[in-house]
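Here is the structure we will look at.
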Amino acid sequence: MGLISILKKKYNKILFTTPSHNGNLRLFHKFYGWYGCDISETDTYNPQKALDAAEKEASKIYGTKYTKFLTNGSTSGIIAAILASKGKHIAIWNNAHICHKNGCLLAGAEIIEYSQKFDTELGIYRAISINEITDIINKNIDVIVITSPTYEGYAADVKNISDICHKSGVKLIVDEAHGALYSFSENLPESAVKYADYTVQSLHKTAGGINPTALLHSNDSNPADALSKINTTSPSYPMLATIEKNINFLNSSKGKRYIEELISNIKDLSLPQYNDDITKIILKKDGISGYELSDILFNKYNIEDERTNEKSTMLLCGIGTTKKMLKKLKKALVNLGF
């Protein structure tokens, strides 16, 4: 029985345990339903057992050795992966999310920074290449952390990178925060979950999860001990249940159909695809900067982008991006001469 099942059950015990989690408290009306299913560890409820069952089912879905639910975002997953890897000399991208560096600092590891190719035409970084990986491994490291996909949707060749790393005795950690849909569509880049020692995904970014739900996958050691060093011992079980529900949706025929329809609707925009992930729409218009394009979309068409630089603008799509939204975007882009 997973978390969803245990939260659906009705119990008649009078709980003189933690009053805030007895299912009867109501403070903020918009979250009445949330209060009603909030629980903690008691004889009446056994959410930890249910959580273990839900995580084991998730590992079957993803094809991993272990999959752990996260309620403190991919940040906690990256730090836990670095701790679990037990690396002493860890290579990280010098433009990576700050949690990569913080994880190394908490682990007391030596940091070896590396750089990646910068695309001057688009104003964004490309994914790490096989040649770059080989050069980094020769610097006497035992763990490398890579970001794939990049924020703008460039994906690394994780399968071959994994082979190279493992032949050299180097553990591979992949920050796949922006690739949580990859395991559920052949029309998106291949996920790292089956190849890397540790892979982290943010459900809340593109996969329909509430903020800040995420996943930590491991094909190496069980990261539970590492997570226990940085996580609360009083997790939100309603939030964890949303993760279980989220994964079940993505893995369902309805969820997979949603993703394929989203990809099809984006293709209907008939835009150049600069990257590997079509759900990250990169816009570039000759004669105007990315910042100017962003301002026009926002002020004239009520369209807000995810990220902008001097050269280009990026629009982020995923679970929650509707066909209606994309039709409005297409109309705006046609008016702008795309």
What are the pairs, 6+ residues apart or on separate chains, where a residue within the stretch 261-273 that is under 12 Å from Lys323 (Cβ atoms) and free of Cβ contacts under 8 Å to residues at least 60 places away in the same chain has its Cβ under 6 Å from a residue that is in a loop (DSSP other than H, G, I, E, B) and among the acidic types (Asp, Glu)? none
Suppose the filter is at positive phi and surrounded by fewer than 21 Cβ atoms within 10 Å (Cβ to Cβ); does Ser253 pass it? no
Every residue from the stretch 276-334 that is charged (D, E, K, R) and farther than 26 Å from Thr120 by Cα: Lys300, Lys323, Lys324, Lys327, Lys328, Lys330, Lys331
By residue number, the members of the stretch 240-277 that are among the small types (Gly, Ala, Ser) and farther than 22 Å from Asn72 by Cβ are Ser252, Ser253, Gly255, Ser264, Ser270
Restricting to the stretch 108-118, name every residue that is closer than 11 Å to Lys88 by Cβ and in a loop (DSSP other than H, G, I, E, B). Gly108, Ala109
Per the list (1) within 24 Å of the chain's Cα centre (by Cα); (2) in a loop (DSSP other than H, G, I, E, B); (3) buried (at least 21 other Cβ atoms within 10 Å of the Cβ); (4) free of Cβ contacts under 8 Å to residues at least 60 places away in the same chain, residue check on Ile141 breaks on (1)
Of the numbered conditions (1) touching a residue at least 40 places away in the same chain (Cβ under 8 Å); (2) part of a helix (DSSP H, G or I); (3) surrounded by fewer than 20 Cβ atoms within 10 Å (Cβ to Cβ), Glu121 fails exactly one; give the number of that condition. (2)
Hey, can you tell me all the residues within the stretch 306-338 that are over 20 Å from Ser264 (Cα atoms) and either touching a residue at least 60 places away in the same chain (Cβ under 8 Å) or of a type outside the set (S, T, N, Q) (or both)? Glu306, Arg307, Asn309, Glu310, Lys311, Ser312, Leu336, Gly337
So the helices (runs of 4 or more DSSP H) completely within the stretch 1-107 holding 3 or more residues that are modelled with pLDDT under 80 and farther than 19 Å from Thr199 by Cβ are 3-8, 32-36
Applying the selection to the stretch 225-244, what residues are of a type in the set (Val, Ile, Thr), surrounded by fewer than 16 Cβ atoms within 10 Å (Cβ to Cβ) and in a helix (DSSP H, G or I)? Ile230
Only residues that are small (Gly, Ala, Ser) and touching a helix residue (DSSP H, G or I) at 6+ places or on another chain (Cβ under 7 Å): list them for the stretch 287-326, please. Ser312, Gly318
Per the filter on the stretch 186-224, residues within 21 Å of Glu260 (Cβ to Cβ), assigned to a loop (DSSP other than H, G, I, E, B) and among the hydroxyl-bearing types (Ser, Thr, Tyr) are Ser191
Tally up the residues in the stretch 305-338 that are assigned to a loop (DSSP other than H, G, I, E, B), in contact with a Lys or Arg (Cβ under 9 Å, 6 or more places away or on another chain) and aliphatic (A, V, I, L, M), please. 1
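The values are calculated or read from the model by the stated rules, or taken from the named source; none is laboratory data. All of these numbers come straight from a predicted model, not from anything done at the bench. Cβ: placed from backbone, ideal geometry, glycine included. Neighbour counts: every protein chain shown.
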